[in-house]
Amino acid sequence: MPQTVIILGGGIIGLSCAFEAARRGMLVTLIEPHGLGGQASGAAAGMLAPYSENTEQPDDFFHLCLSSLQSYPEWIKAVEDGSGMSAEWVQSGSVNVFMHEADVLPIQSRLDWQNRWGAEAQLIDAAQLRKLEPMIAPSAVAGVFTPKESHVYAPKLVTSLESACRKLGVRILEHAGQIEDVLVHQSGGVSVRAQALKSLVHADRLVVCAGAWSGAYEKWFGLSIPIHPIRGQICSFGHDAAEVRHMVFSSQAYWVGKNNARLVCGASEDVSGFETSVTERGIGRLIRSSSRLFPFLVGRQTAHRWAGLRPATKDGQPLLGQIAGMPSVIMASGHYRNGILLSPITALLTADILEGKEAKPSISRFAPDRFTAAANRGMARALR
Ligand SMILES: Cc1cc2nc3c(=O)[nH]c(=O)nc-3n(C[C@H](O)[C@H](O)[C@H](O)COP(=O)(O)OP(=O)(O)OC[C@H]3O[C@@H](n4cnc5c(N)ncnc54)[C@H](O)[C@@H]3O)c2cc1C
């Protein structure tokens with residue numbers, strides 16, 4: 001009998017885990033309380049940028065991001081072949097822009113280690129920068145060009161994954177309502193009750209991919225799951241592809257040109273609970289940064305404004321792996337700013353765990369109980 005798996009959450013992480021598990025022959029049921037891709041995954045800019053996102057050191061998190069980037073070509077092909085739909089993966093490269101000479105001084109040591117890990121990045125002067133991005137403000141003094149970074153159109157990747165999952169026979173229970181109960185049976189197996197589903201859903205294993213809502217599972221797993229929502233406000237302008245050719249990062253914001261003639265500019269990082277509205281203050285800051293770096297945008301109206309909730313853990317790194325003492329439950333949550341980038345590696349590692357294989361690269365650093373263990377250590381110290 002093939003293994004049966006319940007995936008909880010229908011964002012990019014849940015859909016990717018469902019796709020990979022189904023590709024490996026497992027019988028998968030995905031339960032989504034609302035609509036698929038309706039949260040962070042549908043809001044994301046879709047950048048696959050492990051070098052721009054990790055500027056300090058090649059730690060375990062950087063290696064996880066890099067492995068995921070390296071998995072992308074095969075992954076996108078599998079998803080697009082499986083669905084017959086494009087996810088608009090654009091291998092644009094990225095440009096990090098500097099406005100002050102002082103910002104350039106520390107860059108060489110970053111380039112040294114990043115190039116040891118395949119970035120092929122170069123420091124470029126103002127003239128080279130303008131060759132790559134002719135519309136950039138004259139005040140920009142230098143940049144780093146990283147050709148290996150790319151982007152997808154996140155809503156299309158979500159739709160493409162959904163279609164590929166359905167074709168593989170994944171049972172998708174959308175608009176299932178609130179998850180009311182999770183039972184992890186001593187004898188093995190799990191059961192889930194959702195408000196709008198008539199009966200309990202049973203399976204051998206459970207994968208929690210509930211993004212910013214994953215903290216709700218603390219009560220069922222007896223685990224500290226410190227995941228909180230960090231709102232990202234983001235907007236787009238009408239755009240001609242020749243105006244901004246690469247992904248561009250400044251210290252204030254980023255810009256990504258999409259195939260649908262939109263230039264996406266993001267994103268704020270603010271704490272607003274589970275609120276997903278946009279504010280004049282949040283979007284206004286993006287508009288001002290856009291006009292400063294790209295003078296052609298002065299006076300251009302935004303075409304669209306939206307927001308999503310990044311699932312942030314206390315240390316900014318995901319919870320990935322089996323829960324200690326509860327081998328039928330796997331967490332794949334808390335991908336914060338990098339869930340689109342990390343979706344293939346998360347799915348591949350989760351499927352390896354489901355198959356009982358050793359996860360490579362090692363994910364012990366991302367153990368889901370690391371905050372519980374830390375809290376217990378703190379309590380033991382307090383009792384001494
Ligand atoms: C503005 C913005 C820009 C971003 N840009 C990028 C980028 O360029 N590159 C990148 O890699 N990442 C980016 N991110 C981060 C990325 O979007 C997230 O890390 C990623 O989408 C997380 O995916 P997820 O499936 O875990 O969460 P989500 O997409 O939020 O999905 C979680 C799902 O769980 C469901 N759910 C709610 N409650 C429960 C429950 N109790 N049980 C089960 N399911 C539940 C929700 O309805 C939702 O559908 C960005 C995020 C934002 C907000």
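Contact map, segment 37-54: first residue assigned to a loop (DSSP other than H, G, I, E, B), second residue within 6 Å of the ligand (Cβ to nearest atom), Cβ cut-off under 6 Å, separation 6 or more or different chains; pairs are Gln39/Gly11; Gln39/Gly211; Ala44/Ile340; Ala45/Gly266; Gly46/Ile340. Of the numbered criteria (1) out of contact with any Leu (no Cβ under 6 Å at 6 or more places or on another chain); (2) not in a helix (DSSP H, G or I), the one Ala87 fails is (1).
In segment 13-40, of all residues being in contact with a Pro (Cβ under 8 Å, 6 or more places away or on another chain) and within 12 Å of the ligand (Cβ to nearest atom), the one that is farthest from Gly211 (Cα to Cα) corresponds to Ser16. Taking the listed residues Ser250, Ser199, Ser187, the one that is in contact with a strand residue (DSSP E or B) (Cβ under 7 Å, 6 or more places away or on another chain) and open to solvent by 20 Å² or more (accessible area, probe 1.4 Å) is Ser250, with no other qualifying.
Kindly indicate the residue of segment 125-160 that is in contact (Cβ under 8 Å) with a residue 24 or more places away in the chain and assigned to a strand (DSSP E or B) and also nearest to the chain's Cα centre (by Cα) among those meeting that condition. The residue in question is His151.
In segment 302-316, which residues are near the ligand (Cβ under 8 Å from one of its atoms) and among the small types (Gly, Ala, Ser)? Passing the criteria: Ala307, Gly308. In segment 1-19, the residues that are open to solvent by 10 Å² or more (accessible area, probe 1.4 Å) reach residues that are more than 10 Å from the ligand (Cβ to nearest atom) and in a loop (DSSP other than H, G, I, E, B) with C-beta atoms within less than 6 angstrom, at least six apart or across chains, in these pairs: Pro2/Gly25; Pro2/Met26; Gln3/Met26; Gln3/Asp204; Thr4/Asp204.
Please tell me if Ile12 is of a type in the set (A, V, I, L, M, F, W, C), over 18 Å from Lys156 (Cβ atoms) and at pLDDT 95 or above. Spelling it out, it is not the case that Ile12 is of a type in the set (A, V, I, L, M, F, W, C), over 18 Å from Lys156 (Cβ atoms) and at pLDDT 95 or above. For His63, the conditions (1) in contact with a helix residue (DSSP H, G or I) (Cβ under 8 Å, 6 or more places away or on another chain); (2) more than 13 Å from the ligand (Cβ to nearest atom); (3) more than 30 Å from His202 (Cα to Cα) all hold with the exception of (1). When residues in segment 316-373 are screened for being of a type outside the set (Ser, Thr, Tyr), in a loop (DSSP other than H, G, I, E, B) and closer than 26 Å to Val192 by Cα, 11 of them pass. On the stretch given as segment 199-247, residues that are assigned by TED's automatic domain parsing to the domain that holds Pro327, among the acidic types (Asp, Glu) and more than 15 Å from the ligand (Cβ to nearest atom) total 1. Beta carbons closer than 7 Å, at least 6 apart along the sequence or on distinct chains, pair a first residue in segment 328-357 that is in contact (Cβ under 8 Å) with a residue 40 or more places away in the chain and within 22 Å of Ala43 (Cα to Cα) with a second that is within 6 Å of the ligand (Cβ to nearest atom) and in a strand (DSSP E or B) for Ser333/Pro311; Gly334/Pro311; His335/Pro311; Tyr336/Arg310; Tyr336/Pro311; Arg337/Arg310.
Residues in segment 185-195 that are away from the ligand (no atom under 13 Å from the Cβ) and either under 18 Å from Gln39 (Cβ atoms) or not hydrophobic (A, V, I, L, M, F, W, C) (or both): His185, Gln186, Ser187, Gly188, Gly189, Ser191.
Give the residue, chosen from Arg305, Arg300, that is under 26 Å from Met99 (Cβ atoms), in contact with a Cys (Cβ under 9 Å, 6 or more places away or on another chain), not in a helix (DSSP H, G or I) and not aliphatic (A, V, I, L, M). Please lay out each step first, then the result.
Numbers: Arg300 fails: in contact with a Cys (Cβ under 9 Å, 6 or more places away or on another chain).
On inspection, the qualifying residue turns out to be Arg305.
Taken residue by residue, segment 41-57 has at least one member that is buried (at least 19 other Cβ atoms within 10 Å of the Cβ), within 15 Å of the ligand (Cβ to nearest atom) and modelled with pLDDT under 95.
May I ask you to list the residues in segment 101-124 that are in contact (Cβ under 8 Å) with a residue 40 or more places away in the chain and under 28 Å from Phe61 (Cβ atoms)? Can you show your working first?
Narrowing segment 101-124 to residues in contact (Cβ under 8 Å) with a residue 40 or more places away in the chain: 101, 103, 110, 113-114, 116-119, 121.
Passing the criteria: Asp103, Arg110, Trp113, Gln114, Arg116, Trp117, Gly118, Ala119, Ala121.
Scan segment 86-105 and give yes if some residue there is at positive phi, outside the structural domain of Ser328 (by TED's automatic domain parsing) and open to solvent by 40 Å² or more (accessible area, probe 1.4 Å), otherwise no. So far as segment 86-105 goes, no, none of its residues is at positive phi, outside the structural domain of Ser328 (by TED's automatic domain parsing) and open to solvent by 40 Å² or more (accessible area, probe 1.4 Å).
Quick check on segment 220-265: of everything there that is part of a loop (DSSP other than H, G, I, E, B) and in contact with a Lys or Arg (Cβ under 7 Å, 6 or more places away or on another chain), which residue is modelled with the lowest pLDDT? Checked segment 220-265; the qualifying residue modelled with the lowest pLDDT is His239.
The values are calculated or read from the model by the stated rules, or taken from the named source; none is laboratory data. Every value quoted in this text rests on a predicted model; they were computed, and no experiment measured them. Positions of Cβ are backbone-derived with ideal geometry, glycine not excepted, and every protein chain shown enters the neighbour counts. Please note that ligands, DNA and RNA were not included when accessible areas were found on the heavy atoms of the full protein model with its side chains. Shrake-Rupley method; radii C 1.70, N 1.55, O 1.52, S 1.80 Å.
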